[in-house]
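Beneath this line is the structure, given in structure tokens, with notes to follow.
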Amino acid sequence: MASEHIQTFTDGNFDTGVLKAETPVLVDFWAEWCGPCRAMEPAINALAGDYVGKVSVGKLNVDDNPSITMRYMVRGIPTVMLFKGGQIVDQIVGLVDKTTLKQMVDRHL
Amino acid sequence: MSHSVIVIGSGPAGLTAALYAARANLKPLMIEGLEAGGQLMMTTAVENFPGFPEGIMGPDLMAAMRDQAQRFGAEMRRGNVTAVDLTRRPFTVTTEDKTHEGRTVIIATGASAKLLGLASERALMGHGVSTCATCDGFFFRGKPIAVVGGGDSAMEEAIFLTRFASHVTVIHRRDTLRASKIMQDKAFAHPKISFEWNTEVEEIRDPGEGVLSSLTLRNHVTGATKQLGVEGLFVAIGHVPNTTLFKGQLEMDGNGFLITRDGTRTNVAGVFACGDVQDHVYRQAITAAGSGCMAALDAQRYLEHEAAPEVRLEKSPEVR
């Protein structure tokens, strides 16, 4: 599955890559051991491809990046948050399909 | 092109149906669904599936079933079914990107976790409230948490969560557990697990803060309420069948379970149902797999009768 449009966010690059980004940013909080996160991966990848230039899409591994995970009080994954101008404008907790993700993103474009 | 068999759902029921249909050379098409692999994808060790004396991890069992069905030619499609039309032939099954036609449909859409139904539960989902211990237990390392429910799933979650949590309180609305004896014994013996009997969760706090800090519990025998300081609440109070797609087309009971007769037949000839979507009694991986096998055999027989009209079971619509 092509994932060249997916960025990798970390505790280190989050503020620059997400909060200061020009476009809205969709962040997928995930972990290796999370089955539903893996199940949602194709939908996230497809979405990233469809919204190139309009919304940037990236993943944040909760195991490796505890500080951002704590900051946004993420206590369940998959959690997808949409940031615009440095603020969370929407979020979805749990496994959803691409249509649901698209609908969320479209509400904020 | 019309498929002989379309299987909707990819848990033990769907995959067994696909395996049998594939081996009958019916070239089944399977739409795996959003929660591909079903409920077992969210479990850890499965210790009661025959053939695995040491137990097997739920996701590994599902991967093996999937491989087995594929080996005999079942075609798997990722994605979710968004609509079905079971009122005309061939039946149609629509996904996000395509409409498929099938001469028979096997429904194995399973069941999803049931929620308590509190507004605060919804608000704190992912911020302390969870329905998946294996997904979210990690976030509660060293923290006190609660599990609500009294069945096998609740006990499994409680025991699993002791790996992370400092303490697990099981909240159950009755004074005895519904869980199997072996699971009860494990839970009772565990030093990190305690129980609140005859108790319901009245409120989850604090949605205003965006994070779970405590629960208001009510003992419905004494009427007393109290606060329980926990950071996580895992809801394991049972499942609701995934039958929204079929409302108005297939017969269901009051709780939304599909009604099957004479094996796996629904009220629409050529449409069969198996696994948890039609079973609120047994709900085991092995019974789901067994009924998946039945559904494939029923579909195969239906197609044979359809091909040989002289032994036809159902009357065709009146021809003018």
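Throughout, read-outs are computed from the coordinates displayed, never taken from laboratory work. What you see is a predicted model, and the numbers here were worked out from it, not measured in a lab. Quick reminder, even Gly has a Cβ in these numbers, built from the backbone with ideal geometry, and neighbours come from all protein chains shown.
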**Asked** Add -39500 (n - 2.57) for each DSSP H run of 4 or more in the protein assembly as shown, then divide by its residues: what number comes out at 222 nm, to the nearest 500 deg cm²/dmol?
**Response** -7500 deg cm²/dmol
**Message:** Counting only other chains, and only Cβ atoms inside 10 Å, what mean value do you get across the residues of A:35-44?
**Reply:** 4
**Message:** Normalised by the empirical 2.2 N^0.38 Å for globular proteins, what value does the Cα Rg of region B:121-173 take?
**Reply:** 1.03
**Asked** Counting DSSP beta bridges in region B:119-235, what percent are antiparallel, to the nearest 5?
**Response** 40
**Item:** Amide hydrogen neighbours beyond the local backbone of residue B:5, cut-off 5 Å, H modeled
**Value:** B:29, B:103, B:104
**Request:** Considering only DSSP beta bridges where both residues belong to the protein assembly as shown, give the percentage that are antiparallel (nearest 5).
**Result:** 45
**Asked** In which sequence would B:86, B:34 go, from the one with the fewest C-beta neighbours within 10 Å to the one with the most?
**Response** B:34, B:86
**Message:** What does the C-alpha gyration tensor say about the overall shape of chain A? Classify as rounded when a/c is under 1.5, otherwise prolate if a/b is larger than b/c, or oblate.
**Reply:** rounded
**Message:** Please compute, for peptide B:125-138, the average count of beta-carbon atoms on other protein chains lying within 10 Å of each residue's beta-carbon.
**Reply:** 6
**Message:** Counting only other chains, and only Cβ atoms inside 10 Å, what mean value do you get across the residues of A:83-96?
**Reply:** 2
**Item:** Mean separation of Cα contacts under 8 Å, 6 or more apart, over the residue count of chain B: relative contact order %
**Value:** 20
**Asked** How do B:139, B:195 line up, fewest other C-beta atoms within 10 Å first?
**Response** B:195, B:139
**Message:** Based on Cα coordinates alone, diagonalise the gyration tensor for the protein assembly as shown, multiply each eigenvalue by 5, take square roots, and list the semi-axes in whole Å, largest first.
**Reply:** 38, 29, 19
**Largest-first ellipsoid semi-axes for region B:119-235, taking √(5λ) over the Cα gyration tensor eigenvalues, angstrom** = 21, 18, 11
**Request:** Would you mind putting B:297-306, B:240-249 in packing order, based on average other-beta-carbon counts within 10 Å, highest first?
**Result:** B:297-306, B:240-249
**Asked** So for chain A: antiparallel DSSP bridges make up what percent, rounded to the nearest 5?
**Response** 50
**Asked** Which cysteines does the protein assembly as shown leave without a neighbouring Cys Cβ under 4.7 Å?
**Response** B:274, B:293
**Prompt:** Based on the alpha-carbon gyration tensor of region B:168-292 and its eigenvalue square roots a ≥ b ≥ c, which shape applies: rounded if a/c is under 1.5, prolate if not and a/b is larger than b/c, or oblate?
**Reply:** prolate
**Message:** Cut-off is 10 Å between beta-carbons; in what order do B:134, B:264, A:100 appear when sorted fewest neighbours first?
**Reply:** A:100, B:134, B:264
**Message:** With just the Cα atoms defining each centre, how far is region B:104-125 from region B:60-82? Give it in Å.
**Reply:** 23
**Message:** How would chain B be classified by its alpha-carbon gyration tensor: rounded, prolate or oblate, with rounded meaning a/c under 1.5 and the a/b versus b/c comparison settling the rest?
**Reply:** prolate
